[in-house]
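S.K.: Here it is, the structure, as structure tokens.
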Amino acid sequence: MGEHILVLDAGTTSTRAMLFGSDGALHQMAQRPLTQHYPRPGWVEHDAGEIWQRTLACARDVVEKAGGAGAVAAIGITNQRETVVAWDRNTGEPLARAIVWQDRRTADLCDALREAGHEADVQRRTGLVLDPYFSGTKMRWLMYNDAAVRAAAERKALALGTVESWLVFKLSGGAFVSDASNASRTLLLPLDGAQFDAGLCELIGVPRSALAQVVDTHGALAETNAELLGGAVPVCGLAGDQQAATVGQCCLAPGETKATYGTGAFVLTNQGEAVPRSEHRLLGTVLTQRGGVRRYALEGSVFVAGSLVQWLRDSLGLIGTAAETEALARSISDSGGVTIVPALSGLGAPHWQAEARGVIAGLSFASGRAQIARAALEAMAHQTHDLAEAFAADGAAWQTLRIDGGMSANDWMAQDLANMLGVTVERPDFVETTALGAAMLAAVGAGIHANLEDAAKAMRGKVRRFEPALPDGAREERLVRWRKALAAV
């Protein structure tokens, strides 16, 4: 058996293959972009075939550089969560474009289910609220609105799954599984249930027969077709990207908290083996599962983080690169009263306003690129502060916050988080903790490390700390402006 761990990280804007050592060192990486399709306002789609082909191409690049499949001990897969793929189990071909987690087309269905009085029971059972973000209503939409999907269901050939399920099916030549962390994001899996629930499937309108078997997040989960990579390799780790990042940040004890700032922003607090219950519209989710035993997390999900900076760059042309925002933020003493509420695809936790739309408030003739760029970065701390208040109200106050993701490399933003939250913010030197977490899961699943705690000791690197350094009055002044702009939304 080889000594390396191959991680396939199928994200929202790109897909990557990364080769790790058992000590957490990154040896190789290949990356390819994913085409974003926006057929209507509020709709976001991917080509599932493109996800597969580009992920496979990245994997082949890395395996070849490693010296062949024999150098790889195990594969770990992590993925954009809630995105739904529909495919034909017999041909293995996608039946429609994948509906991406950001997509809002099922808002009316969620409203109807909520008005019918189902949300309280759904949240109690699944830990989730009725929102278009989650996979189940996307699956129903495909069933009712796509003729090819409906025909496959009638032939008993339909497979509906999240991205890890799709990739494992293609890699293995037919294994149809979904790990518990991804399955817990569908509205169809009870937090304390081993498999997808027939009653929840009936309520949402998804055929139970089209869903995968729910499996552990780490262990012997599948094996690749030998022809794809030049040899069979076991798949030993599967997790949604935010759960993988929580593992990669070594938040393995109850109370430990991480925030990932990528396309969106996602905060998870480890809750141990206790099923999480929120009274403040946070989410309960499966963090890991091994041998059927689950660890859970309390989660707050913000839909727009790095995508706001991308919008400033690509749609408005205010910046040339995302990295420019740090210099622009430092070039002025404050935002000049400019506040951005980045509800470009609705508001996530703890507000859950699917129809909300973004605003830029406080503009004057003195407002320029620097003020808007700084306000965009400040919005990250404002949104995170809303989550911090909800977590504290649910009895899960943060003592420190471990951050990662592409935006976390911005030192100004990391310090601003510490200032606005009033807690120490820790950032690892290696910020690709989603991939590292998938590598840790696969390493334990393959027996390279005995458990996640041992993997953490061996694979996590150094961290940098940012301490709060803002007077309470300045913090409150900004929060007043934020709340006023938020109320307008």
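The values are calculated or read from the model by the stated rules, or taken from the named source; none is laboratory data. Please read these numbers as outputs of a predicted model, since none were measured by experiment. Heads up, the Cβs are rebuilt from the backbone with ideal geometry, glycines too, and the neighbour counts pull from every protein chain shown.
S.K.: Counting only residues that are charged (D, E, K, R) and closer than 18 Å to Ala361 by Cβ, which one in the stretch 467-488 is surrounded by the most Cβ atoms within 10 Å (Cβ to Cβ)?
M.R.: First, the residues of the stretch 467-488 that are charged (D, E, K, R): 467, 472, 475-478, 481, 483-484.
Okay, now just the ones that are also closer than 18 Å to Ala361 by Cβ, so 476-478, 481, 483-484.
Details: Glu476: 10, Glu477: 12, Arg478: 21, Arg481: 19, Arg483: 13, Lys484: 13.
Of everything passing the filter in the stretch 467-488, Arg478 is surrounded by the most Cβ atoms within 10 Å (Cβ to Cβ).
Conditions tested, residue by residue: (1) closer than 20 Å to Ala245 by Cβ; (2) crowded, with 23+ Cβ neighbours inside 10 Å; (3) modelled with pLDDT of 95 or more.
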site: Asp9; (1), (2), (3): yes, yes, yes
site: Ala17; (1), (2), (3): yes, yes, yes
site: Phe20; (1), (2), (3): yes, yes, yes
site: Ala25; (1), (2), (3): yes, no, no
site: Thr35; (1), (2), (3): no, no, no
site: Gln53; (1), (2), (3): no, no, yes
site: Ala57; (1), (2), (3): no, no, yes
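Here's the yes/no breakdown for (1) under 28 Å from Arg40 (Cβ atoms); (2) in a helix (DSSP H, G or I); (3) free of Cβ contacts under 8 Å to residues at least 60 places away in the same chain:
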| site | (1), (2), (3) |
| --- | --- |
| Cys110 | yes, yes, no |
| Ala120 | no, yes, yes |
| Asp131 | yes, no, no |
| Ala153 | yes, yes, yes |
| Leu160 | yes, no, no |
| Ser165 | yes, yes, no |
| Leu188 | yes, no, no |
| Val214 | no, no, yes |
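S.K.: Let me ask another. How many of the residues making up the stretch 83-92 are surrounded by 24 or more Cβ atoms within 10 Å (Cβ to Cβ) and either modelled with pLDDT under 95 or more than 26 Å from the chain's Cα centre (by Cα) (or both)?
M.R.: Number satisfying all stated conditions: 0.
S.K.: Given the options Leu187, Leu171, Leu167, name the one that is surrounded by 21 or more Cβ atoms within 10 Å (Cβ to Cβ) and at positive phi.
M.R.: Leu187
S.K.: Going residue by residue through the stretch 468-487, is there one that turns out to be among the β-branched types (Val, Ile, Thr) and under 21 Å from Ala379 (Cβ atoms)?
M.R.: Within the stretch 468-487, one or more residues are among the β-branched types (Val, Ile, Thr) and under 21 Å from Ala379 (Cβ atoms).
S.K.: Please determine, by comparing only the residues of the stretch 349-374 that are outside any strand (DSSP E or B) and of a type in the set (S, T, N, Q), which one is farthest from the chain's Cα centre (by Cα).
M.R.: Per the stated criteria, the residue is Ser364.
S.K.: Moving to a separate point now. Here are some conditions: (1) surrounded by 19 or more Cβ atoms within 10 Å (Cβ to Cβ); (2) within 23 Å of the chain's Cα centre (by Cα); (3) closer than 24 Å to Thr106 by Cα. Ala152 meets all but one. Which one does it not meet?
M.R.: Of (1) surrounded by 19 or more Cβ atoms within 10 Å (Cβ to Cβ); (2) within 23 Å of the chain's Cα centre (by Cα); (3) closer than 24 Å to Thr106 by Cα, only one is false for Ala152: (2).
S.K.: What's the number of the condition Phe169 fails, among (1) within 13 Å of Leu95 (Cα to Cα); (2) not in a strand (DSSP E or B)?
M.R.: Going through the list (1) within 13 Å of Leu95 (Cα to Cα); (2) not in a strand (DSSP E or B), Phe169 breaks only (1).
S.K.: How about the stretch 2-18: which of its residues are outside any strand (DSSP E or B) and either on the phi > 0 side of the Ramachandran plot or of a type in the set (Asp, Glu) (or both)?
M.R.: The answer is Glu3, and nothing else.
S.K.: Out of Gly395, Gly362, report the one residue that is more than 23 Å from Thr433 (Cα to Cα), among the small types (Gly, Ala, Ser) and free of Cβ contacts under 8 Å to residues at least 60 places away in the same chain.
M.R.: Values: Gly362 fails: free of Cβ contacts under 8 Å to residues at least 60 places away in the same chain.
Answer to the selection: Gly395.
S.K.: Conditions first: (1) more than 24 Å from the chain's Cα centre (by Cα); (2) of a type in the set (Ser, Thr, Tyr); (3) under 30 Å from Leu229 (Cα atoms). Thr78 passes all but one, so which condition is the exception?
M.R.: Checking Thr78 against (1) more than 24 Å from the chain's Cα centre (by Cα); (2) of a type in the set (Ser, Thr, Tyr); (3) under 30 Å from Leu229 (Cα atoms), the one that fails is (1).
S.K.: Follow-up. Scanning the stretch 273-298 for residues that are without any contact (Cβ under 8 Å) to a residue 60 or more places away in the chain and not in a loop (DSSP other than H, G, I, E, B), which turns out surrounded by the most Cβ atoms within 10 Å (Cβ to Cβ)?
M.R.: Top of the filtered list is Ala297.
S.K.: Picking from Ala96, Ala107, Ala112, which residue would you name as being surrounded by fewer than 24 Cβ atoms within 10 Å (Cβ to Cβ), modelled with pLDDT of 95 or more, over 26 Å from Ala435 (Cα atoms) and in contact with an Asp or Glu (Cβ under 7 Å, 6 or more places away or on another chain)? Let's see the steps before the verdict.
M.R.: Details: Ala107 fails: modelled with pLDDT of 95 or more; Ala112 fails: in contact with an Asp or Glu (Cβ under 7 Å, 6 or more places away or on another chain).
Exactly one of Ala96, Ala107, Ala112 is surrounded by fewer than 24 Cβ atoms within 10 Å (Cβ to Cβ), modelled with pLDDT of 95 or more, over 26 Å from Ala435 (Cα atoms) and in contact with an Asp or Glu (Cβ under 7 Å, 6 or more places away or on another chain), namely Ala96.
S.K.: Here's something else I'd like to know. Examine the stretch 60-71 for a residue that is of a type in the set (A, V, I, L, M), under 20 Å from Gly264 (Cβ atoms) and buried (at least 16 other Cβ atoms within 10 Å of the Cβ), and state whether such a residue exists.
M.R.: Narrowing the stretch 60-71 to residues of a type in the set (A, V, I, L, M): 62-63, 66, 69, 71.
In the following step, the residues that additionally are under 20 Å from Gly264 (Cβ atoms) were identified as none.
No, every residue in the stretch 60-71 fails to be of a type in the set (A, V, I, L, M), under 20 Å from Gly264 (Cβ atoms) and buried (at least 16 other Cβ atoms within 10 Å of the Cβ).
S.K.: Next question. So which residues in the stretch 224-239 are surrounded by fewer than 17 Cβ atoms within 10 Å (Cβ to Cβ) and either in contact with an Asp or Glu (Cβ under 7 Å, 6 or more places away or on another chain) or not in a helix (DSSP H, G or I) (or both)?
M.R.: Scanning the stretch 224-239 gives Asn225, Gly230, Gly231, Ala232.
S.K.: Within the stretch 434-469, how many residues are of a type in the set (Lys, Arg) and within 22 Å of the chain's Cα centre (by Cα)?
M.R.: Here is the first cut: in the stretch 434-469, the ones of a type in the set (Lys, Arg) are 457, 460, 462, 464-465.
Narrowing further to those that are within 22 Å of the chain's Cα centre (by Cα): 460.
So the count comes out to 1.
S.K.: Something else now. Answer with yes or no whether Asp429 is touching a Lys or Arg at 6+ places or on another chain (Cβ under 7 Å) and within 25 Å of Leu377 (Cβ to Cβ).
M.R.: Working: touching a Lys or Arg at 6+ places or on another chain (Cβ under 7 Å): yes; within 25 Å of Leu377 (Cβ to Cβ): yes.
Against the criterion (touching a Lys or Arg at 6+ places or on another chain (Cβ under 7 Å) and within 25 Å of Leu377 (Cβ to Cβ)), Asp429 qualifies.
S.K.: Within the stretch 366-375, identify whether any single residue is surrounded by fewer than 24 Cβ atoms within 10 Å (Cβ to Cβ), closer than 26 Å to Leu252 by Cβ and hydroxyl-bearing (Ser, Thr, Tyr), and answer yes or no.
M.R.: no
S.K.: Let me ask something else about it. Only one of these is farther than 25 Å from Pro276 by Cβ, without any contact (Cβ under 8 Å) to a residue 60 or more places away in the chain and surrounded by fewer than 18 Cβ atoms within 10 Å (Cβ to Cβ): Thr424, Thr321. Name it.
M.R.: Criteria check complete, one pass: Thr321.
S.K.: Pick from Ala409, Ala390, Ala396: which is under 20 Å from the mean Cα position of the chain (by Cα) and over 16 Å from Val302 (Cβ atoms)?
M.R.: Every option except Ala409 fails the conditions.
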